[in-house]
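Here, each number is a calculation from the coordinates, and none is a lab measurement. What you see is a predicted model, and the numbers here were worked out from it, not measured in a lab. Every residue, glycine among them, receives a Cβ derived from its backbone with ideal geometry; neighbour counts consider all protein chains shown.
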Amino acid sequence: MSKIDICNMALAHLGQEPISSMGQEDERARRCSLFYDPVRKEVLRTHNWSFAGTVCSLSLLAKKEGAAYLYTYAYPQDCLFLRRVFGAAAKNTPFKEIFDQDLHARVILSGLDQAKAEYTRDVNDENLFDPAFIKAFSLALAADLALALTGDQNLAQQMLQKYSLTLQEARRSNMSERVDVHKGRSAFVEAR
């Protein structure tokens, strides 16, 4: 599966001719190129997809005595959606995401020393995508492309409805695959 394949699936949903490359001098290719990454990220953020989930130790940037959140951590570079922050005992802890003016960076504030984060990664390798995710993603892309390419509001609405139904089924399927039956918890690979 490639970016072109997914774009062509979206175009097929709309009854449009396929493209051969994202750089082709064609309105369909220009629109696919424009919408592809934002829609991919949007669909990744909608669910805790097993292929995109990860856990990592957070990098401590600062400790501020007397603050509500003592510890300031670097926001993981590939994070699209921060699911939870926890410690060694795997207990969730309150956290806050902010843009730190002094550091000129997005950071995570927590009261927990040596915190870890579970989050959805920004996966852009199509070979890692789950088949159910691909179908949902192609329909979301079709919904965004519909008005731009066809001017048909009804077609755009139909694609959005199909996307919503497909996304629900993809989430159910993904949830059943994510559970480690022997341990009863999510089976994420911890980042090293």
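Please list, in chain and number order, the residues 5+ apart from ARG84 or on another chain whose amide H is under 5 Å from its amide H, with Hs placed from the backbone.
Under 5 Å from the amide H of ARG84 lie the amide H atoms of GLU118, each far enough along the sequence or on another chain.
Taking a Cβ-Cβ separation under 4.7 Å as the criterion for a possible partner, which cysteines of the chain have none?
If one checks each Cβ against the other cysteines of the chain, CYS56, CYS79 turn up with nothing under 4.7 Å.
Tell me, in nm to one decimal, what length is gained between LYS91 and GLU17 on full extension, where the rule is 0.36 nm per residue of separation less the Cα-Cα distance? Let's see the in-between values first.
Values: separation 74, 0.36 × 74 = 26.64 nm, distance 5.11 nm.
Fully extending the segment from LYS91 to GLU17 adds 21.5 nm.
With θ taken as phi - 60° and the coefficients 6.51, -1.76 and 1.60, list the Karplus ³J(HN,Hα) couplings across region 155-169 in order, rounded to whole Hz; mark glycine and proline as x.
These are the phi-based 3J(HN,Hα) values: 5, 4, 5, 4, 5, 5, 5, 4, 4, 4, 5, 5, 5, 4, 5 Hz.
Roughly speaking, what is the stretch gain from GLN168 to MET1, that is 0.36 nm per residue apart minus the C-alpha to C-alpha distance, in nm to one decimal? Intermediate results must be reported in sequence, preceding the final value.
Working: separation 167, 0.36 × 167 = 60.12 nm, distance 2.21 nm.
Full extension from GLN168 to MET1 adds 57.9 nm.
So, in Å, what gap is there between the alpha-carbon centers of region 79-94 and region 150-167?
Cα centres, region 79-94 to region 150-167: 35 Å.
If every alpha-carbon in region 53-121 counts as one equal scatterer, what log10 I(q)/I(0) does Debye give at q = 0.18, 0.26 1/Å?
After summing over all Cα pairs, the log10 values are -0.60, -1.24.
Skipping prolines and chain starts, which residues have an amide H placed within reach, meaning under 5 Å, of the one on THR54, given they are 5 or more residues away or on another chain?
Here the answer is TYR119, ARG121, since their amide H atoms fall under 5 Å of that of THR54.
Among VAL43, VAL55, VAL107, which one shows the biggest mean-square fluctuation in a GNM of the chain, springs joining Cα atoms closer than 10 Å?
The residue with the greatest mean-square fluctuation here is VAL107.
Taking amide H positions as placed 1.01 Å from N in the peptide plane, with prolines and chain starts having none, which residues 5 or more places from ASP100, or on another chain, fall under 5 Å of its amide H?
ALA105, ARG106, VAL107
Run lengths n ≥ 4 of DSSP H only: what is the helix-derived mean residue ellipticity at 222 nm for the chain, with -39500 (n - 2.57) per run over all residues, to the nearest 500? Each step should come with its number before you reach the end.
On the way: 4 runs with 76 residues, N = 192.
Taking each H run of at least 4 residues, the total per residue is -13500 deg cm²/dmol.
Which value in Å does the Kirkwood hydrodynamic radius of the chain take, with 1/r averaged over all unlike C-alpha pairs and then inverted? Walk me through the numbers on the way to the answer.
Numbers: mean 1/r = 0.0539 Å⁻¹.
Kirkwood radius, the chain: 18.6 Å.
Quick one: Karplus J couplings for region 51-57, per residue in order, coefficients 6.51, -1.76, 1.60, θ = phi - 60°, nearest Hz, x for Gly and Pro?
Whole-Hz 3J(HN,Hα) from phi for region 51-57: 6, 10, x, 8, 10, 8, 6.
Which GluC sites (Glu not before Pro) from region 1-76 combine a DSSP loop assignment with at most 13 other Cβ atoms within 10 Å?
Working: sites: GLU25, GLU27, GLU42, GLU65; in loops: GLU25, GLU65.
Listed in order of number, the matching sites are GLU25, GLU65.
Would you mind calculating the gained length between GLN161 and ALA62 on full extension (0.36 nm times residue separation, minus the Cα-Cα distance), in nm to one decimal? Don't skip to the end; give the middle numbers.
Values: separation 99, 0.36 × 99 = 35.64 nm, distance 4.58 nm.
Here the answer is 31.1 nm.
Determine the alpha carbon to alpha carbon distance for each of LYS63/LYS91; LYS3/LYS116; LYS41/LYS135; LYS41/LYS91; LYS41/LYS96 and list only those over 26 Å. Can you show the working numbers first?
Working: LYS63/LYS91 21 Å; LYS3/LYS116 32 Å; LYS41/LYS135 15 Å; LYS41/LYS91 28 Å; LYS41/LYS96 21 Å.
Long pairs (Cα-Cα over 26 Å): LYS3/LYS116; LYS41/LYS91.
Take every Cα-Cα pair in region 115-169 and report what % of them are more than 12 Å apart. Kindly include the intermediate steps, with their values, before the conclusion.
Numbers: 1017 of 1485 pairs.
Taking all Cα-Cα pairs of region 115-169, the fraction more than 12 Å apart is 68 percent.
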